[in-house]
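So the structure is just underneath, and the comments pick up after that.
The values are calculated or read from the model by the stated rules, or taken from the named source; none is laboratory data. Predicted, not measured: the structure shown is a model, and the values here were computed from it. Neighbour counts run over all protein chains shown; Cβ positions are idealised from the backbone, glycine included. Accessible surface is based on the protein model in full, side chains and every heavy atom, while ligands, DNA and RNA are left aside. Shrake-Rupley method; radii C 1.70, N 1.55, O 1.52, S 1.80 Å.
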Amino acid sequence: MSHQLENIQQEALTKIEQAKTMLELNEIRSYYTGKKSPLAEIMKGLATATIEEKKTLGAASNQVKQAIESAVMAKRMALEEAIINAQLEKEEIDVTLPGYSFKKGTIHPLNQVIEELEDIFIGMGYSIAEGPEVEVDVFNFEMLNVPKGHPARDMQDSFYINENVLMRTQTSPVQARTLLEAGGKPVKIVCPGKVYRRDDDDATHSHQFTQFEGLVVDKHITMSDLKGTLSLLMQKMFGENRRIRFKPSYFPFTEPSVEVDVSCFKCGGKGCSMCKHTGWIEVLGAGMVHPHVLKACGYDPEVYQGFAFGAGIERITMLRYGIDDIRHFYTNDYRFLKQFEGDR
Ligand code: DAH
């Protein structure tokens, strides 16, 4: 190989080796292999050479060209690898960084109280019953001893869908449904659910709220069973030392009917703002199942007796947590709801 060719190859390989970027490498490549490259100049000069010279020099300059090409190729791969490595270095993932945390939702305070009540009653051998929120007049009123035109309907003036269908005004219709389904057998159920009434919407009233109904029908059921059950309930909900008292009341589907008060859990019964200085807080309505209801549902009131009760879940929850406005339950304000995180 001529001295000249050797020099060109040496020079090109050194430059290729020193190239720092793809751009630089491409420039070097086109300089040494292009039409105006020193190699091309030598080839042009061969025009006047002998055949022998043409052969040896032609082969040699091809060798040089190939050496340059393969050096470029190798350098290109090395540069590409370096680029990828640099990028990987920059984008390094730190597996020790803390992950993103997701906010877990919480069970709504009303549902927390419902679940707690259900647990208490399941522990006493009750089953959970359910009924439709769109109810027929017969179950919502008539089977419960409230015939058409009965004045007790006025208190529950409601949302009618037609003359005989309405949004249920109480969970009590589930009493009649359960008794009919049980076909004369003993019944022991609680039923939580939404109810609807035309009402003012203010701090303590809402046109939609939640009730918790209880019903026991069996032989030899007396008012002391009712009192024992509700005492235990109040102790579980409001503290071990709670006592209850009955005040005479009226509900069409119970006889006798009572309002149930619990001794104030804030002052212990001495009198404070919570209990309006009476020592007692009204929490629910109850009574012995009216013979008319038993009869309408196929039970002989001479043989079977029962007790029933109905409580407002919002009221119990508000008392328990000192919530001052019923509307907090329905506005989905995270600041309110998150205070009940992890309670259940
Ligand atoms: N259903 C009644 C109401 O909405 C509450 C009630 C009272 C339910 C006495 C009962 C009961 O089961 O025995 O006001």
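Computed quantities for the displayed model
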{"read-out": "Cysteines without a disulfide-compatible partner [the chain; Cβ-Cβ under 4.7 Å]", "value": "Cys191, Cys297"}
{"read-out": "Percent accessible area from carbon and sulfur atoms, the range 97-225, protein chains only, probe 1.4 Å", "value": "54 percent"}
{"read-out": "Residues whose placed amide H lies under 5 Å from that of Cys264, excluding near-sequence neighbours", "value": "Gly269, Trp280, Ile281"}
{"read-out": "From the C-alpha gyration tensor of the range 1-40, square roots of 5λ in Å", "value": "19, 13, 4"}
{"read-out": "Normalised contact order of the range 2-89, rounded percent, pairs of Cα under 8 Å and 6 or more residues apart", "value": "40 percent"}
{"read-out": "Accessible carbon and sulfur surface of the range 2-89 relative to its total accessible area, %, 1.4 Å", "value": "57 percent"}
{"read-out": "When the convex hull of its Cα atoms is projected in every direction, mean area for the range 2-89 (nm²)", "value": "5.6 nm²"}
{"read-out": "Accessible area expressed per residue, the chain, with surrounding protein chains retained (probe 1.4 Å, Å²)", "value": "58 Å²"}
{"read-out": "The chain, relative contact order [Cα under 8 Å, separation at least 6], %", "value": "15 percent"}
{"read-out": "For the range 2-89, with +1 on Lys and Arg beta carbons and -1 on Asp and Glu, the positive-most of Gly45, Asn62, Gln10 along the dipole", "value": "Gly45"}
{"read-out": "Spatial separation of Cα centroids for the range 256-282 and the range 35-56, in angstrom", "value": "116 Å"}
{"read-out": "Between 0 and 90°, nearest 10: helix 22-33 axis offset from the chain longest Cα axis", "value": "30 degrees"}
{"read-out": "Span from the the range 111-176 Cα centroid across to the the range 301-335 one, whole angstrom", "value": "14 Å"}
{"read-out": "Kirkwood hydrodynamic radius over Cα pairs of the chain, then Stokes diffusion coefficient at 20 °C and 1.002 mPa s, in µm²/s", "value": "79 µm²/s"}
{"read-out": "Dipole of the chain [Lys/Arg +1, Asp/Glu -1 at C-beta], most positive-end residue of His150, Phe212, Ala82", "value": "Ala82"}
{"read-out": "Reachable lysines, given that their alpha-carbon falls under 26 Å from the alpha-carbon of Lys148 and they are not under 8 places away in the same chain", "value": "Lys194, Lys295"}
{"read-out": "For the range 86-239, radius of gyration divided by Kirkwood radius, i.e. Rg to Rh on alpha-carbons", "value": "1.24"}
{"read-out": "Dipole magnitude (debye, nearest 20) for the chain, charges at Cβ of Lys, Arg, Asp, Glu", "value": "400 debye"}
